[in-house]
């Protein structure tokens with residue numbers, strides 16, 4: 001536990017003092033008196049190892065192809081939320097579980113600027129996105145992996161899927177930390193440095209239902225007439 005003290009002198013020579021309160025707000029109840037019960041709590045310091053890993057997964061893009069296949073790009077965001085460096089980090093994603101028969105998922109690409117990827121990853125017989133034993137992540141650091149998958153033969157009646165990935169890492173004392181992915185790009189949405197809890201392990205949805213959308217915009221001429229009357233290039237679609 002650690003406590004600090006503050007003091008100051010008023011123009012009339014009176015001295016004011018305060019004992020520190022844990023956190024970033026000196027006067028938590030806002031009554032302009034910080035030197036009272038409940039606002040002089042010491043600041044705890046804990047040196048106990050607390051390995052924590054967090055994983056988020058988002059559907060970056062789903063493209064429906066004329067052939068009936070779908071091309072899906074996923075982004076995996078990994079973060080070290082604990083107080084020790086992690087080694088042997090791994091992300092696993094079982095595409096056969098996400099896209100069951102008769103669907104046929106095929107990995108088109110896997111890339112990362114942060115980690116050494118596993119070139120043998122196919123999402124079925126090999127579900128490790130990272131090269132085993134080759135990657136670590138320091139305290140507070142983040143990294144990402146992008147995977148593009150082609151999914152064939154699902155049939156027109158099957159359009160909705162849910163996908164979940166898993167992350168793991170090893171602390172210096174040998175303890176293993178794990179997390180189930182949360183949908184989106186933020187592994188620890190509530191910011192409490194624990195990503196493996198209720199509300200932060202939601203699966204990532206994938207939808208193959210057709211959703212045609214078009215956008216149209218029309219400018220006006222300086223005289224207020226419709227753009228198509230102004231000449232070539234003034235009508236924007």
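Quickly run through the range 41-60 and pick out the residues that are loosely packed, with under 15 Cβ neighbours inside 10 Å and over 15 Å from residue 184 (Cβ atoms).
Filtering the range 41-60 for residues loosely packed, with under 15 Cβ neighbours inside 10 Å gives 42-49, 60.
Residues satisfying the conditions are 42, 43, 44, 45, 46, 47, 48, 49.
When 110, 89 are screened for being out of contact with any helix residue (DSSP H, G or I) (no Cβ under 8 Å at 6 or more places or on another chain), over 26 Å from residue 155 (Cα atoms) and part of a strand (DSSP E or B), only 89 passes. The residues of the range 64-76 that are buried (at least 20 other Cβ atoms within 10 Å of the Cβ) and within 18 Å of residue 142 (Cβ to Cβ), listed by number, are 74, 76. Can you find a residue that is over 29 Å from residue 148 (Cβ atoms), in contact (Cβ under 8 Å) with a residue 40 or more places away in the chain, in contact with a strand residue (DSSP E or B) (Cβ under 7 Å, 6 or more places away or on another chain) and assigned to a strand (DSSP E or B) anywhere in the range 36-53? Yes, there is a match, as at least one residue in the range 36-53 is over 29 Å from residue 148 (Cβ atoms), in contact (Cβ under 8 Å) with a residue 40 or more places away in the chain, in contact with a strand residue (DSSP E or B) (Cβ under 7 Å, 6 or more places away or on another chain) and assigned to a strand (DSSP E or B). If you go through the range 141-160 and keep only what is surrounded by 20 or more Cβ atoms within 10 Å (Cβ to Cβ) and either assigned to a strand (DSSP E or B) or not assigned by TED's automatic domain parsing to the domain that holds residue 106 (or both), you end up with 145, 147, 149, 151. Check whether at least one residue in the range 7-22 is within 24 Å of residue 195 (Cβ to Cβ) and either in contact with a helix residue (DSSP H, G or I) (Cβ under 7 Å, 6 or more places away or on another chain) or surrounded by fewer than 10 Cβ atoms within 10 Å (Cβ to Cβ) (or both), and report yes or no. Checked the range 7-22: no residue is within 24 Å of residue 195 (Cβ to Cβ) and either in contact with a helix residue (DSSP H, G or I) (Cβ under 7 Å, 6 or more places away or on another chain) or surrounded by fewer than 10 Cβ atoms within 10 Å (Cβ to Cβ) (or both).
One residue alone among 174, 157, 184 is free of Cβ contacts under 8 Å to residues at least 24 places away in the same chain and at positive phi, and that residue is 174. Any chance the range 124-140 includes a residue that's surrounded by fewer than 19 Cβ atoms within 10 Å (Cβ to Cβ), in the same structural domain as residue 111 (by TED's automatic domain parsing) and under 15 Å from residue 77 (Cβ atoms)? Looking through the range 124-140, at least one residue is surrounded by fewer than 19 Cβ atoms within 10 Å (Cβ to Cβ), in the same structural domain as residue 111 (by TED's automatic domain parsing) and under 15 Å from residue 77 (Cβ atoms).
The condition of being part of a loop (DSSP other than H, G, I, E, B) and within 26 Å of residue 162 (Cα to Cα) holds for only one of 67, 24, that being 67.
The values are calculated or read from the model by the stated rules, or taken from the named source; none is laboratory data. Quick caveat, the model's predicted, so the values are computed rather than measured. Heads up, the Cβs are rebuilt from the backbone with ideal geometry, glycines too, and the neighbour counts pull from every protein chain shown.
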